[in-house]
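Peer 1: Input: one structure, supplied below.
The values are calculated or read from the model by the stated rules, or taken from the named source; none is laboratory data. Predicted, not measured: the structure shown is a model, and the values here were computed from it. Don't worry about glycine lacking a Cβ; one is built from the backbone with ideal geometry, like all the others, and counts go over all protein chains shown. Heavy atoms of the whole protein, side chains included, go into the accessibility calculation; ligands, DNA and RNA do not. Shrake-Rupley method; radii C 1.70, N 1.55, O 1.52, S 1.80 Å.
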Amino acid sequence: QVQLVESGGGLVQPGGSLTLSCAASGSIFIFNVMEWYRQPSGKQREFVATITSGGITMYTSSVKGRFTISRDDVMNIMYLQMNSLKTEDTAVYFCKGVSAGQPYWGQGTQVTVSS
């Protein structure tokens, strides 16, 4: 069974940048869709971005133009490049892969945007 592990979170000032990684223990070819979600403290988990195996991407409106999702099917890693970060981007970020309708989740990485 493929496992997903996020990394790259941390503390950053408003306006700064971070790149999150989601590394798979096996091939991500099995994931026709890979996604990033986030969960602010005390709130529900929310969709951030998605990328298909064909490279089609989609973003929630609040991050469009600031975040970029990508995947490297050779290295089995998905990325989320986050620029112009805002305090409201503070959350635990989770990666998700979907294979044959089955979701696989990572354990999450904390992103804190604060001065």
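Peer 1: On the given criteria, is residue 113 aliphatic (A, V, I, L, M), over 16 Å from residue 20 (Cβ atoms) and touching a residue at least 60 places away in the same chain (Cβ under 8 Å)? Give the derivation first.
Peer 2: Details: aliphatic (A, V, I, L, M): yes; over 16 Å from residue 20 (Cβ atoms): no; touching a residue at least 60 places away in the same chain (Cβ under 8 Å): yes.
Spelling it out, it is not the case that residue 113 is aliphatic (A, V, I, L, M), over 16 Å from residue 20 (Cβ atoms) and touching a residue at least 60 places away in the same chain (Cβ under 8 Å).
Peer 1: Kindly check whether there is at least one residue in segment 44-65 that is more than 21 Å from residue 7 (Cβ to Cβ), open to solvent by 70 Å² or more (accessible area, probe 1.4 Å) and in contact (Cβ under 8 Å) with a residue 40 or more places away in the chain.
Peer 2: No, segment 44-65 has no match at all.
Peer 1: Shifting gears a bit: Residue 82: surrounded by 20 or more Cβ atoms within 10 Å (Cβ to Cβ), at pLDDT 95 or above and closer than 15 Å to residue 12 by Cβ, yes or no?
Peer 2: Values: surrounded by 20 or more Cβ atoms within 10 Å (Cβ to Cβ): yes; at pLDDT 95 or above: yes; closer than 15 Å to residue 12 by Cβ: yes.
So residue 82 fits the description; yes.
Peer 1: Would you check if residue 26 is without any contact (Cβ under 8 Å) to a residue 24 or more places away in the chain and either of a type in the set (Phe, Trp, Tyr) or in a loop (DSSP other than H, G, I, E, B) (or both)? Steps first, answer last, please.
Peer 2: Numbers: without any contact (Cβ under 8 Å) to a residue 24 or more places away in the chain: no; either of a type in the set (Phe, Trp, Tyr) or in a loop (DSSP other than H, G, I, E, B) (or both): yes.
In short, no.
Peer 1: While we're here: If you scan segment 1-17, which residues turn out to be farther than 28 Å from residue 100 by Cα and over 11 Å from the mean Cα position of the chain (by Cα)?
Peer 2: Of everything in segment 1-17, those that are farther than 28 Å from residue 100 by Cα and over 11 Å from the mean Cα position of the chain (by Cα) turn out to be 10, 11, 12, 13, 14, 15, 16, 17.
Peer 1: Take the residues of segment 2-23 that are part of a loop (DSSP other than H, G, I, E, B) and on the phi > 0 side of the Ramachandran plot: which is surrounded by the fewest Cβ atoms within 10 Å (Cβ to Cβ)?
Peer 2: Taking segment 2-23 as the starting set, the residues that turn out to be part of a loop (DSSP other than H, G, I, E, B) are 2-3, 8-9, 13-17.
Narrowing further to those that are on the phi > 0 side of the Ramachandran plot: 8, 15.
Numbers: 8: 16, 15: 11.
Per the criteria, the residue is 15.
Peer 1: Examine segment 29-36 for a residue that is at pLDDT 95 or above, open to solvent by less than 70 Å² (accessible area, probe 1.4 Å) and within 23 Å of residue 114 (Cβ to Cβ), and state whether such a residue exists.
Peer 2: Yes, some residue in segment 29-36 is at pLDDT 95 or above, open to solvent by less than 70 Å² (accessible area, probe 1.4 Å) and within 23 Å of residue 114 (Cβ to Cβ).
Peer 1: Name the pairs: first residue in segment 3-14 and in contact (Cβ under 8 Å) with a residue 12 or more places away in the chain and acidic (Asp, Glu), second residue surrounded by 15 or more Cβ atoms within 10 Å (Cβ to Cβ) and part of a loop (DSSP other than H, G, I, E, B), Cβ to Cβ under 9 Å, at least 6 apart or on different chains?
Peer 2: Short answer, once both residue conditions are applied: 6/106; 6/108.
Peer 1: Has segment 90-110 got any residue that is farther than 18 Å from residue 5 by Cβ, charged (D, E, K, R) and open to solvent by less than 60 Å² (accessible area, probe 1.4 Å)?
Peer 2: So far as segment 90-110 goes, no, none of its residues is farther than 18 Å from residue 5 by Cβ, charged (D, E, K, R) and open to solvent by less than 60 Å² (accessible area, probe 1.4 Å).
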